[in-house]
Amino acid sequence: MKNVVLVMHSSGLLVPPPAEGSDKRSSEQKELWLHSAGRIERILPGFLEEAIPPTRGEVEVVAQTSQPSPGPGHEAAAGPEEVAA
């Protein structure tokens, strides 16, 4: 469960309310935290506070974007240090 919570937090889905300052979370982030925190606290009291400490100050709202991955056979461009003279 801890890995799932940490992945959701790092992707900007599961964001705790700020300890102080203004709350800049989206309505979806607020709702997900409210419902998830209530259920998790019933089973594992104190787990979320230990796994994801409350943030200080403003919370950055992370926009979810997806970028297509390059197909097979596509190689990354060579960096400046890899270019032969």
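The values are calculated or read from the model by the stated rules, or taken from the named source; none is laboratory data. What you are looking at is a predicted structure, and each value in this text was computed from that prediction instead of being measured. Every residue, glycine as well, gets a Cβ built from its backbone with ideal geometry; the counts of neighbours run over all protein chains shown.
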Assuming residue 62 fulfils every condition listed in (1) surrounded by 11 or more Cβ atoms within 10 Å (Cβ to Cβ); (2) touching a strand residue (DSSP E or B) at 6+ places or on another chain (Cβ under 7 Å); (3) at pLDDT below 65 apart from one, which condition is it? (2)
Matching residues, the range 26-59, being farther than 22 Å from residue 3 by Cβ, in a loop (DSSP other than H, G, I, E, B) and at pLDDT 90 or above: 26
Residue count for the range 3-32, restricted to those that are within 14 Å of residue 53 (Cβ to Cβ) and in contact with a helix residue (DSSP H, G or I) (Cβ under 9 Å, 6 or more places away or on another chain): 7
